[in-house]
Structure formats: C-alpha cells, structure tokens
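All of the numbers you see were taken from the coordinates with simple rules; none came from a lab. Here the structure is a predicted model, which is why all the values come from computation and not from measurement. A quick note on method: Cβ atoms are made from the backbone with ideal geometry, for glycine too, and the neighbour counts reach across all protein chains shown.
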Amino acid sequence: MARRINRALAAKDGAIVPLIAETGGINAMVVDSTALPEQVVDAVITSAFRSAGQRCSALRLLLVHEGVADAVIEMIRGAMAELAVGDPARFATDVGPVIDAEAQAGLRAHVERLRRRSARSARRR
C-alpha cells in the first residue's frame, strides 16, 4: 500500500509531497553496555506501553547487552509496576484500553503463552 501511495504521489503534477510510510514492522531497540539505563527505561515505557502499545511505531523487540540486561530489565519491571491501567479520561491513567475485544483476546493469549514458557523454563533449571 505504501508503494501504491508513493507512486500516486509521484505521478501527481505539482510540488513533491513527502511520504513517510509506517508499514507495521517489528520495531526494535538495541541497547549496548554504554546506554544510560534511565533513558532506556523511559524510552521503553513510552514506546511499548503508551497508547497500550497500539501504535504502528510501538516497540516490539528489546535487545539488551548481557552486561547490563539484568539491571535494565529490573528497572523496566519497576517502571511497569508503576503504570496505572484504566480509563483514559482519568488524569491518573497511564495506559488506556486496547482497541477492541479481539485485541484484548490476542493480548491475553500472548500473556498466557509467556506464562507457560516461563513455567517450562523454571522447571528446567
């Protein structure tokens, strides 16, 4: 679709119209050992959880250098625990609802898969 729009704009007479097309890829963040953990956590929370992660540009994959991973992950857990999920009309709400029941069902299924995977990993240790 982005290519079609780009072609249509290019074929148009007149000034060049800039096009930035977000096509729903896997948006990743790569964190090396020199990154400031506080900035990483702020960027992760903003990108992955604001708008309930429903923006096409939302963070989907976080890759953290093993030298700082434990500390960064612990800080992200702490920041996540502070997020208030609820009615977006309330000032105290950080994360509003998902778009529809289908989106909610998909998220619940994903959480359940992660729980099962975590339980299997714990049994192997």
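If you check V40 against the conditions, is it under 23 Å from H110 (Cα atoms), outside any loop (DSSP other than H, G, I, E, B), hydrophobic (A, V, I, L, M, F, W, C) and touching a residue at least 24 places away in the same chain (Cβ under 8 Å)?
No; evaluated as a whole, the condition is false for this residue.
Would you confirm whether or not the range 100-107 contains a residue that is of a type in the set (D, E) and over 19 Å from T46 (Cβ atoms)? Checking the range 100-107: at least one residue is of a type in the set (D, E) and over 19 Å from T46 (Cβ atoms). If you check S121, S51 for being within 24 Å of E38 (Cα to Cα), part of a helix (DSSP H, G or I) and hydroxyl-bearing (S, T, Y), only one passes: S51.
Name the residue that is nearest to the chain's Cα centre (by Cα), counting only residues in the range 83-103 that are outside any loop (DSSP other than H, G, I, E, B) and touching a residue at least 12 places away in the same chain (Cβ under 8 Å).
We begin by selecting, within the range 83-103, every residue outside any loop (DSSP other than H, G, I, E, B); these are 85, 95, 101-103.
If we keep only those that are touching a residue at least 12 places away in the same chain (Cβ under 8 Å) as well, we get 95, 103.
Details: V95: 12, A103: 14 Å.
Once the filter is applied, the top-ranked residue is V95.
Residues in the range 43-62 that are among the polar types (S, T, N, Q) and in contact (Cβ under 8 Å) with a residue 40 or more places away in the chain: S51, Q54. No other residue among A15, A10, A84 is exposed (fewer than 15 other Cβ atoms within 10 Å of the Cβ) and under 21 Å from R108 (Cβ atoms) apart from A84.
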